[in-house]
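In what follows, a single structure is set out as structure tokens and then discussed.
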Amino acid sequence: MKKSFIFDKFIHNYYIMRNLFFLFFIFLLVNVSYSQDAQEIIKKVQGNYKDITDAKASFSQSTNYNSGGSEKSSGIIYIKKEDKYRIETKKTIMVTDGKTAWTYTLSRKQVVIDYYKEEGNTFSPNKFLFNYPQNFYSDLEGEENVSGVPCYLLKLTPRHRGNIKSAKIWIDKEAYLIRKITIASKESTTTYTLNNIDLDIGIGDSKFNFSTPQGVEVIDLR
């Protein structure tokens, strides 16, 4: 039972990573149907993101569960092509170098290690990023401010029924960077807001490895 709970929690953390990647790169190679206004905005966002090698940003996350209850968190995300990422919050550090994945829960003093997988219940950022957006229509819904920054608001509607019911994305009108996203699923509605976005800052590969601190329990699922 204990191992099953740990594994389920590990998979849940992967889905958090997936959504954060979605926030950064949803328009990298999209093949969606959209209005002309939305198309022009998407092309400019693509132009900003297609050539970047790495990125760093602070983020805040709020989730409201359909069954009741909510949770909030914040932290820092680091990303490097192709499959490297690191997410740090007050409670958890999640890291992958594209081969191995680590989830370190600070309160438990426990790290779960697994292979980075592209099948089963885990996910591949490349597979998700390049295939997932094909399932959406996109429309320009209007304009709104995010933390005082004027943004375009785009609404994404899935072409087919699935876990994701809809999504909204706020894009900086001047910098054409994604500032906020709301994802509504069958289970919850989650909003991510990005701040202090830095692109191509030369993040070293060592950032995407994890050294287990002394005295920490290791759960190795490999």
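Read-outs throughout are calculated quantities, based only on the coordinates presented, and are distinct from any laboratory measurement. Keep in mind that this is a model prediction, so the values were computed, not measured. Counting neighbours? That spans all protein chains shown, and the Cβs are built from the backbone with ideal geometry, glycine included.
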Would you confirm whether or not the range 164-181 contains a residue that is exposed (fewer than 11 other Cβ atoms within 10 Å of the Cβ) and without any contact (Cβ under 8 Å) to a residue 40 or more places away in the chain? yes
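For (1) small (Gly, Ala, Ser); (2) under 19 Å from residue 41 (Cβ atoms); (3) part of a strand (DSSP E or B), each residue gets a yes or a no:
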| residue | (1), (2), (3) |
| --- | --- |
| 145 | no, yes, yes |
| 181 | no, yes, yes |
| 194 | no, yes, yes |
| 201 | no, no, no |
| 211 | yes, no, no |
Considering residues that are without any contact (Cβ under 8 Å) to a residue 60 or more places away in the chain and part of a strand (DSSP E or B), the number found within the range 59-76 is 7
Criterion first (part of a strand (DSSP E or B), buried (at least 16 other Cβ atoms within 10 Å of the Cβ) and over 14 Å from the mean Cα position of the chain (by Cα)) does residue 111 satisfy it? yes
Boolean, residue 79 is in contact with a Phe, Trp or Tyr (Cβ under 6 Å, 6 or more places away or on another chain), of a type outside the set (D, E, K, R) and not in a strand (DSSP E or B): no
Would you tally the residues in the range 61-92 being touching a Lys or Arg at 6+ places or on another chain (Cβ under 6 Å) and crowded, with 19+ Cβ neighbours inside 10 Å? 2
